[in-house]
Amino acid sequence: MNPLLELAQQGQSVWLDFITRRFIEEGKLARLIEADGLRGVTSNPTIFQKAISGGAEYDAAMERPLREGKDAHAIYEALAVEDIQKACDALAPVYKTTLAADGFVSLEVNPHLARDPEGTAREALSLSRKVDRPNLMIKIPATREGLPAVERVLGEGVSVNVTLIFSLERYREVLDAWLAGLGRAGKAGVDLSKVASVASFFVSRVDSLVDGLVSDDKLKGKAAVANAQLAYDIFLKAQARPEFGALVRKGARPQRPLWASTSTKNPDYRDVLYIEELIGKDTVNTVPPQTLDAFRDHGKVRDALSGSAGAATDVMQALERAGIDMVRVTDQLEREGVKAFMDSYDQLLASIEKKRQALLAHR
């Protein structure tokens, strides 16, 4: 059996961390949905930067916004909205058959707003209106300033993918923001069964940083999985909270942990490490195409998360004895993650501006 299809039997959804217009229009996304049971798509500024600046694929689509006199930012938004709408439409059958539990496509707000809660909420709600699809998720960075925006946007009945989570403490805060946001939505009369959310917990970057700080080879390649396993334990324990149960009784679905950045950066590690070790009920794993192909080819499926907290705690204690301060590590990773997305966003706009000028010169 296709290992990707087996993941669904373990209660895990596979989403694709990739999008381009040609990929959708050539039917490749539809084939993954049909053959591999793909249940969602995520995007970020880096993905769009590579897609739009990588060739002439989007040149024709730029003609209309050019005629309308739009600047680089407005052109990017127009192109991104169209791509996300197409992906949402491709995944609409999944959204329908899973009764709004899956079939989502994520679109990220401008990363330069990561420290601006009001600006983030305003752009998130604007993008939701422009895409106008029930299976859209707006991605909001889990900076401390981003959490009020998460609460507000969920409170407005918009589904949210809370992204760039690295630390356990920040994940607890994300769960609190989700509970508060769904509480607001419920009081406003919103149908909570239609307000979905995932918490995107980043994985491989943790090992990339920690491995360079430890001298004991036995501790290398351990921190990222242990950190995620403890996040899953937090998720399970949160379900015992009275406010969690109250929301579920009103139709709300749990905010599932989503494992992000799950391609293996170290060639010495198994290329499907961050899928195989993070399989569990009520989770999502979003993977780039090459990792998806690798897992289809040789992935091994088992319930890897149930009962994993004890061993994960042992790993974290060993790292602490080795002098690793995980709070400092995850704070650094959050700063670097926000900056990386800002840089990609700026490169994206620069690429669009270069194309805009070239197309105008040839008119």
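The values are calculated or read from the model by the stated rules, or taken from the named source; none is laboratory data. No experiment lies behind these values; they were computed from the predicted model shown. Here the Cβ positions follow ideal geometry from the backbone for every residue, glycine too, while neighbour counts run over all protein chains shown.
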Conditions (1) buried (at least 17 other Cβ atoms within 10 Å of the Cβ); (2) without any contact (Cβ under 8 Å) to a residue 24 or more places away in the chain; (3) not hydrophobic (A, V, I, L, M, F, W, C): number failed by Arg249: (1)
Scan of region 232-242 for residues that are touching a residue at least 60 places away in the same chain (Cβ under 8 Å) and not hydrophobic (A, V, I, L, M, F, W, C), ordered by number: Tyr232, Asp233, Arg241
Any chance Val327 is over 23 Å from Met137 (Cβ atoms), loosely packed, with under 14 Cβ neighbours inside 10 Å and under 22 Å from the mean Cα position of the chain (by Cα): yes
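Matching residues to (1) hydrophobic (A, V, I, L, M, F, W, C); (2) in contact with a strand residue (DSSP E or B) (Cβ under 8 Å, 6 or more places away or on another chain):
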{"position": "Lys222", "(1), (2)": "no, no"}
{"position": "Leu230", "(1), (2)": "yes, no"}
{"position": "Asp233", "(1), (2)": "no, no"}
{"position": "Phe244", "(1), (2)": "yes, no"}
{"position": "Val248", "(1), (2)": "yes, no"}
{"position": "Ala260", "(1), (2)": "yes, yes"}
{"position": "Thr264", "(1), (2)": "no, no"}
{"position": "Asp268", "(1), (2)": "no, no"}
{"position": "Leu273", "(1), (2)": "yes, no"}
Number of the condition not met by Gln317 [criteria: (1) over 14 Å from Val203 (Cα atoms); (2) within 22 Å of the chain's Cα centre (by Cα); (3) surrounded by fewer than 18 Cβ atoms within 10 Å (Cβ to Cβ); (4) at pLDDT 95 or above]: (2)
Of all residues making up region 1-25, the number that are among the aromatic types (Phe, Trp, Tyr) and in a loop (DSSP other than H, G, I, E, B): 1
Residue within region 92-107 that is at pLDDT below 90 and in contact with a strand residue (DSSP E or B) (Cβ under 6 Å, 6 or more places away or on another chain) present: no
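Residue by residue, here is whether (1) within 20 Å of Asp102 (Cα to Cα); (2) in contact with a helix residue (DSSP H, G or I) (Cβ under 7 Å, 6 or more places away or on another chain); (3) at pLDDT 95 or above holds:
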position	(1), (2), (3)
Leu258	yes, no, yes
Asp271	no, yes, yes
Val284	yes, no, yes
Arg296	no, yes, yes
Gly299	no, yes, yes
Ala309	no, yes, yes
Arg321	no, no, yes
Which listed residue is of a type in the set (Asp, Glu) and not in a helix (DSSP H, G or I), from Asp83, Asp102: Asp102
Of all residues making up region 29-79, the number that are in contact with a Ser or Thr (Cβ under 9 Å, 6 or more places away or on another chain), among the charged types (D, E, K, R) and over 28 Å from Ala361 (Cβ atoms): 1
Near pairs, Cβ below 6 angstrom, 6+ apart or cross-chain, from region 289-314 (without any contact (Cβ under 8 Å) to a residue 24 or more places away in the chain) to any residue that is acidic (Asp, Glu) and surrounded by fewer than 20 Cβ atoms within 10 Å (Cβ to Cβ): Ala294/Asp271
Number of positions in region 132-184 that are under 25 Å from Gln229 (Cβ atoms) and acidic (Asp, Glu): 3
Residue under evaluation Arg22, criteria (1) over 16 Å from the mean Cα position of the chain (by Cα); (2) surrounded by 22 or more Cβ atoms within 10 Å (Cβ to Cβ), criterion not met: (2)
Residue list for region 310-333, restricted to those being farther than 17 Å from Gln229 by Cα and small (Gly, Ala, Ser): Ala322, Gly323
Boolean, Glu77 is surrounded by fewer than 17 Cβ atoms within 10 Å (Cβ to Cβ) and in a helix (DSSP H, G or I): no
Leading residue by the ranking (farthest from Lys96 (Cα to Cα)) among those in region 34-51 that are surrounded by fewer than 22 Cβ atoms within 10 Å (Cβ to Cβ), in contact with a helix residue (DSSP H, G or I) (Cβ under 9 Å, 6 or more places away or on another chain) and of a type outside the set (Val, Ile, Thr): Lys50
